[in-house]
Structure formats: C-alpha cells, structure tokens
C-alpha cells in the first residue's frame, strides 16, 4: 500500500506518469534478516528495478526464503545486488558489493549548490493540487461514497476530475455516477487500453446520458447500449436516443391500455398468477415490453401489472 500511495502521489504532482510497464516507476527492495530478539540486522541484498506491485511482494517473499535457507545452513548471506525473475519466481545475483565505494558514488565538482528559500517552499505549497489522501476524505464526506469506490476514483487524478466534471452543475446522484464510471467506463477503458484523457465519451456527454436515466427517458439497460455506441463512435446520447427511437414510454395512460390488453388476452396465465404462481409476473412484463418494443418504463409496467393482477 505504501508503494501504491507513492505511485499515486507522484502522478498527482506531475512528477512522473508512473507507467510501470515503461519503467517510469520502479522499486528497489533491500532485504536483511535478524534473529528474534536481536537489534542487529544481517547482511542485506538489494533487488533492483522491480516494475510491478505484485512482483515487489513476490520478490521480497522469495528473498526472505532464500536468506532463511542460507542462514539455517550456517552459511553467510553475501552483500550483493540481485534481479527478480517473475517467470521463475526467483532472484538471481547481478553483482556483488563489499564496500560502500563499490557503488561508485563521488561528489561532482561541477554541480553548484542550490539555494531553497522559504518563499520558494511557500510558493510550491500554495500551488500544490489536492493530494490523494485529502481528496479521499472529501469524496467520502461530500459525496457519501464508500471507501472502495473512493479509492478507485482517487487513484488517478484525471479520473477523479472526470468524476467531478460529470457531476458539475447537475443534480446527479454521486453514488450512481461513481458506480457508472467504475463499472461501465473503466471496463471499456481497460478493454480499449485508453487513459482518461483519451476517453471518447466526454464528461459532458456522460452527464447527459445519466440525466436521461435519472429522468427515465431511457432505462438503465438502454443506457448501457447507448454508452457503448458513444464510446465506439463519439456520438452524443441525444442523437442516438432520437435516431434509434429509444425513448421510454412513461405515459401511464398509454401503458395502462397496453397492460389491460395483455391481461385480457392471457386469461389462463392471469388465473395461474392469482393462484400463487408469482413468477408469472415476468411473463406479463415480457409481453408488455414486447408490445412496446422494449420502450415501456419497467418501473411503471411492474407497478401497473401488480395492481391489476390482484383484481
């Protein structure tokens, strides 16, 4: 978790893009063992250039096992630099180091001293962005998000800004918005290998889509279909909904007539439902949706059917 926090921090501050696959963020792990109750650490080995959080854990665990076996045999651990091979889950010797001068460190006489005054420090502090830990607390307090969703959104500065841009100047439910981004947006982003800045669906267009869901212009199921079209073709949701005739039928009077007709034409199924076969409700819902070509508001359809089938 410590490494993940550092990784998030350097990305937030713009120090690095943190791309581990390209070597922008790597870890060196130093491992040494000591006997229980002792304050004296044994000889350490350094594992260089680990480029995955998972590999860091695996490399450390393997090195602990390796050094334990050496010490249990009564042998001495060699001070050295090692490499981790994830394909074999093992570390291999890269070069030995006996003294500090083996590291080839020496002062560079051509480098001038750098003076860092308080004004510079204050200027940097004043211009720092909101850091991940502070943003995490704010998202939980301000938007009522759970910790799991918050950690995902805050892990990427661009993603957290995308989330807040979607909510901007709207009465969207933050929890619904977060759920959409985490389940639908990130799923397609992972599938298409796109970073937030390259998303084909802008925050404005996603906001419009979610507003259509909220006011029941379209259903959640339809919204997912529209979103996929938006992602593939960079279309706005309004055009897709209008061109495909996807607008939900929410007029109670119109749906009332359709429901009455379905009940009238399925007398036997009505009697079976009223005798206790509650699962038949799905059959009636399906018939109404078929009649409305999938555009009937499911919430209203269910409500009308339950009311009328009781009679």
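Every number in this text was worked out from the coordinates using simple rules, so none of it is lab data. If you're wondering where the values come from, they're calculated on a predicted model, not measured in any experiment. Cβ coordinates were reconstructed from backbone atoms using ideal geometry, including for glycine residues, and neighbour counts include every protein chain displayed.
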Next item on the list: Mind checking the full-extension length gain between residue 173 and residue 267? Use 0.36 nm per residue of separation minus the Cα-Cα distance, one decimal, nm.
Entry: 29.7 nm
Next item on the list: Would you mind telling me the antiparallel percentage of the DSSP bridges in the chain, rounded to 5?
Entry: 65 percent
Next item on the list: Quick one: order 289, 176 by neighbouring beta-carbon count within 10 Å, fewest to most.
Entry: 176, 289
Notebook entry, point to check: At a Förster radius of 45 Å, what calculated FRET efficiency corresponds to the Cβ-Cβ distance of residue 147 and residue 89, to the nearest 0.05?
Noted result: 0.90
Next item on the list: Take segment 236-278, drop everything but the C-alpha atoms, weight them equally and run the Debye formula without solvent; then report log10 I(q)/I(0) at 0.22, 0.29, 0.32 Å⁻¹ to two decimals.
Entry: -0.77, -0.93, -0.97
Next item on the list: Can you tell me the FRET efficiency between residue 68 and residue 39 if r is taken as the Cβ-Cβ distance and R0 is 25 Å, rounded to the nearest 0.05?
Entry: 0.85
Next item on the list: At 0.36 nm per residue, minus the direct Cα-Cα distance, what do residue 308 and residue 134 gain on full extension? Give it in nm, one decimal, please.
Entry: 57.4 nm
Margin query: So, R0 is 25 Å and r is the distance between the beta-carbons of residue 253 and residue 211; what FRET efficiency does that work out to, to 0.05?
Written below: 0.50
Next item on the list: Name the residue, out of 75, 149, 260, whose mean-square fluctuation peaks in a Gaussian network model built on the chain with Cα pairs under 10 Å.
Entry: 75
Note to self: Taking 20 °C and 1.002 mPa s as the conditions, I'd like the Stokes-Einstein D for segment 2-100 in µm²/s, using the Kirkwood hydrodynamic radius from alpha carbon pairs.
What the structure shows: 145 µm²/s
Notebook entry, point to check: Order of 55, 212 from fewest to most other C-beta atoms within 10 Å?
Noted result: 55, 212
Checklist line | Projected label distance in nm at residue 235 and residue 28, using a 7 Å step from Cα toward the beta-carbon | finding: 5.5 nm
Check: residue 293 to residue 277: extension gain in nm, 0.36 nm per residue of separation minus the Cα-Cα distance?
Finding: 3.2 nm
Check: If each Cα of segment 86-168 is one equal point scatterer, what is log10 of I(q)/I(0) from the Debye formula at q = 0.14 Å⁻¹?
Finding: -0.80
Next item on the list: Please work out the Cα convex hull volume for segment 252-309 and give it in Å³ per residue.
Entry: 66 Å³
Item checked: Nearest 10 degrees, 0 to 90: helix 132-143 Cα axis against the chain principal axis -> 20 degrees
Next item on the list: Name the residue, out of 107, 237, 200, whose mean-square fluctuation peaks in a Gaussian network model built on the chain with Cα pairs under 10 Å.
Entry: 107
Item checked: Cα Rg over Rh - segment 155-302, Kirkwood -> 1.09
Notebook entry, point to check: Using all Cα-Cα distances in the chain, what percent lands in each 10 angstrom bin from 0 up to the longest?
Noted result: 5, 17, 18, 18, 16, 11, 8, 5, 2, 0
Check: Among 25, 139, which comes first, then next, by fewest other beta-carbon atoms within 10 Å?
Finding: 25, 139
Item checked: At q = 0.14, 0.24 Å⁻¹, base-10 log of I(q)/I(0) for segment 143-229 (Debye sum, equal scatterers on each alpha carbon) -> -0.44, -1.37
Checklist line | Sum of -39500 (n - 2.57) over DSSP H runs of 4+, divided by residues of the chain (222 nm, nearest 500) | finding: -15500 deg cm²/dmol
Check: Taking the alpha-carbon centroid of each part, what is the distance from segment 76-90 to segment 235-311 in angstrom?
Finding: 65 Å
